[in-house]
Amino acid sequence: MALMVCTGGLYEISTPESSPVVRYAWDMRIERTGNPKPLTPHLIRFLKQELKAKSLDENGIEEKHPDFICGRGLLVIEIKSLVDDGKERLENLRQELEDRPDWPHFYGQVPFESIIKNLKDPVPVRRRLAERAGRTIVQHLRKADKQFAAHHKMFPRKNAFRFVILVNEDCPLYAPLYVGETVSRALVLKQNGQFRFRNIDCVLYLTERHLSEVNGRIAVPVLSIEGPSMFTEPWKGEIVEWFQSKWARWNDSPYYHCTRQSFPRFEAAVDVPENMKRHEAWRLEYQRNPYLRPWPHAQLQCRYEDVFLVFICMFLKSSPLKFSKQELHESTEEWTHFLEEVNARGIPMDQFDHGLESMKRAAARRGCSNALCEWLDKVFAV
């Protein structure tokens, strides 16, 4: 099934001193500190002050109707805020899948994609993941469709443009292109020969959690997903362009038009707390400088062996070799960096050899005595 067209643009965003943004070259990492301001109240001020929109709630109309109208009812707007980060739903799915015999073994925090790529049949799992993550979006569309239908029944107008604005308050899960694909699929679904959400003409997605760098400055996306009606009524596309450029000007920013193919890459900003535990600081340090990224698997295996040897010698009292606290500290930090790298690559732990011979190789590299090798023979013989 073909997807509807996703178009839109982006505008630059100011970064006040209370919420500075830092950019890193690796993987276009963008960090921020401080608490972001809610986006929905800012949008409502824009609608009321700039577009002179009238709130239907303030006019005493029930909640089952849309939020705003403007242009004498030409533009009908419903705002849906995405505040659920989806972590609980995704964790429930992870627990459901862990009983699979092909479920890979990882330590630490692992991206879902790193797990899925190791499954024998990843396609159905990716489909379940997309459905589970996008459930909130579809529920919002279902409710908005009913609200538009109720409004049209009370205020029938042939040329009304019904517009849903999805506002991502601050959830990293809802990446722009993922939201676009989820909404597109929903808008082309049919039920009893009719489009399931036929009362929705267009969906606009706003987020200031997902950022990109354009012309040396930070920018955020404005993504519009067209419903079927916009193919037969092209004048509605002009309203979308007008709305997007107005919104950019309201934010005191230039607006850049994009197509789906020319959309730049957007990444969720990474929040950096003022205070962190030691292992969290190590993870952050590596994410900023993933120096292991160019290493081949054989070199990672050596790092694994070297760190594991230190742990064995430190935590088994019978070891003839004891490392210093500083060496243990350094090895623990290296272990944290190692896990960050292999989890990002999606390399399960069972692909690293941790047997007797691997420990002897690490001992040889450190120039350890024969007494340590003899002790290792006894440890692994148990």
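Every number in this text was worked out from the coordinates using simple rules, so none of it is lab data. Fair warning: this is a prediction, and the values are worked out from it, not measured in the lab. Cβ atoms come from the backbone with ideal geometry, glycine included; neighbour counts cover every protein chain shown.
Listing for the model above:
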{"quantity": "Helix-only mean residue ellipticity at 222 nm for the chain, each DSSP H run of n ≥ 4 adding -39500 (n - 2.57), per residue, nearest 500", "calculated": "-13000 deg cm²/dmol"}
{"quantity": "Electrostatic dipole magnitude of region 278-381 [Cβ: Lys, Arg +1; Asp, Glu -1; Cα centre; debye, to 20]", "calculated": "180"}
{"quantity": "Highest-MSF residue in the chain out of PRO221, PRO124, PRO264 [GNM, Cα springs under 10 Å]", "calculated": "PRO124"}
{"quantity": "Summed side-chain charge close to ARG72 - residues other than ARG72 whose Cβ falls under 10 Å, Lys, Arg +1, Asp, Glu -1", "calculated": "+2"}
{"quantity": "Tilt relative to the chain, helix 87-97 - C-alpha long axis, 0 to 90 degrees, to 10", "calculated": "60"}
{"quantity": "Cα-based helix-to-principal-axis angle, 356-365 vs the chain, degrees rounded to 10", "calculated": "80"}
{"quantity": "Stokes-Einstein D in µm²/s, Kirkwood radius over Cα pairs - region 109-172 at 37 °C with 0.692 mPa s viscosity", "calculated": "218"}
{"quantity": "Cα long-axis angle, helix 278-288 against the chain (0 to 90 degrees, to the nearest 10)", "calculated": "70"}
{"quantity": "Distribution of pairwise C-alpha distances over region 278-381, 5 Å bins, in %", "calculated": "2, 12, 22, 23, 19, 13, 7, 2, 0"}
{"quantity": "Chain lengthening between TYR107 and LYS325 when straightened (0.36 nm per residue, less Cα-Cα)", "calculated": "76.1 nm"}
{"quantity": "All-pairs Cα distance distribution in region 50-164, expressed in whole percent, bin size 10 Å", "calculated": "12, 32, 18, 16, 15, 6, 0"}
{"quantity": "Two-site FRET efficiency, LEU316 against GLN139, from Cβ-Cβ distance with R₀ of 56 Å, rounded to 0.05", "calculated": "0.55"}
{"quantity": "Compactness relative to 2.2 N^0.38 Å, alpha carbon Rg of the chain", "calculated": "1.27"}
{"quantity": "Surface/4 of the Cα convex hull for region 131-239, nm²", "calculated": "8.1"}
{"quantity": "Euclidean distance between Cα centres, region 270-337 to region 76-120, Å", "calculated": "26"}
{"quantity": "Two-decimal ratio, region 82-123, of alpha-carbon radius of gyration to 2.2 N^0.38 Å", "calculated": "1.24"}
{"quantity": "Candidates GLY86, GLY227, GLY34: whichever shows maximal mean-square fluctuation once the chain is modelled as a Gaussian network with Cα springs under 10 Å", "calculated": "GLY34"}
